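The structure appears right after this line, and notes come after that.
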Amino acid sequence: MLIAILFGLSIAAVIISVGHFLQGRGSRVRRRLQVGEGKKEAKVKEERVPEFLPKELVDKAEEKLGFKRGSAQVKEVKKTLQRAGIHGERALSIFLGLKLGLSVALPVMVLPVLHRAGVVKGLLLPLFFLFAGVGYFLPNLILNRLVEARQKKIRESLPDALDLLVVCVEAGQGLNAALKRVADDLKISSPALSQELTLVNLEIAAGLEREQALRNLAERTGVEEVASLCSMLIQSDRFGTSMAQALKVQSDTLRTTRRQKLEELAAKTPVKLVFPLLLFIFPALMVVIIGPAAIRIMENLK
């Protein structure tokens, strides 16, 4: 097992070293240090990108795997990464690289161990495809878990954020200033919601319309309650209704919805306890209750 892991790590180190070397050859610092080359040649070198594989082959592979830039699958992956709170420029490339890398590295690391353990050779090929599939879909499972955990945190902290918004709006602040204040106050208690509200403020400050910024917020989070809040804010801003009153109604609605969900979970608890009772608790009770009587009956029969 140790030899396989070291082998896989050594291959990864070699690939990373070669990539950094080729990237360093085209870096800006190296281009600036090269003296005696004309501006035209420097511009050509700046636009040159190192190609490990033929462009036709790469285009076909991207099309088959669904990694073509601008494709529906790539847009969906970007949306999922944003909902997980990952907004880096290279997040998509790293994620897709992990999928392809794990689909190759996992079988290479595990199959030698299974071969030494005496696994039948006829099973090695099916196991190769099995571990390749596991390595390919494992990042998706982890990413979906991160999205669910982040959405749960946003959903739980949203009523408190609405209460703070009501206080700020009733104190005379505008919606933009109120969002900024709430984002600053929630940095410790709810970093996820604070990050999303900060992005809304940055988009508005960059010149984006408030309506579009709120729509982007609903799209990034993927939380139904946030989408409802954004729709309410957009309608209040469009028709000129009282923002504080609308926020109060929305806060009461969210708290009522949360209470109903908790009541629903409490009502489902007896049904969920049936199987543990039948499998673990009732057998133990039967042994304690019937056990002594069964021992006495066996002694009397002897």
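Remark: the stretch 126-192 carries 57 Å² of accessible area per residue (probe radius 1.4 Å; ligands, DNA and RNA excluded).
When VAL274, VAL166 are compared by accessible surface with a 1.4 Å probe, the order from highest to lowest is VAL274, VAL166. Tell me the carbon and sulfur percent of the accessible area for the stretch 67-165, rounded to whole percent, probe radius 1.4 Å. For the stretch 67-165, the apolar C and S fraction of the accessible surface comes to 66 percent. Taking all protein chains into account, the per residue accessible area for the stretch 200-268 stands at 59 Å² (1.4 Å probe).
Can you give the percent of C-alpha pairs in the stretch 157-197 whose distance is more than 16 Å? Beyond 16 Å sits 22 percent of the P(r) for the stretch 157-197.
Accessible surface of the stretch 168-231, 1.4 Å probe: 52 percent of it comes from carbon and sulfur atoms. Restriction of the chymotrypsin sites (Phe, Trp or Tyr not before Pro) in the stretch 120-159 to DSSP coil positions whose beta-carbon has at most 14 other beta-carbons within 10 angstrom yields no sites.
The values are calculated or read from the model by the stated rules, or taken from the named source; none is laboratory data. Computed from a predicted structure; not experimentally measured. All Cβ positions, even for glycine, are placed from backbone atoms using ideal geometry, and neighbour counts span all protein chains on display. The area values use the complete protein model at the heavy-atom level, side chains included, leaving out ligands, DNA and RNA. Shrake-Rupley method; radii C 1.70, N 1.55, O 1.52, S 1.80 Å.
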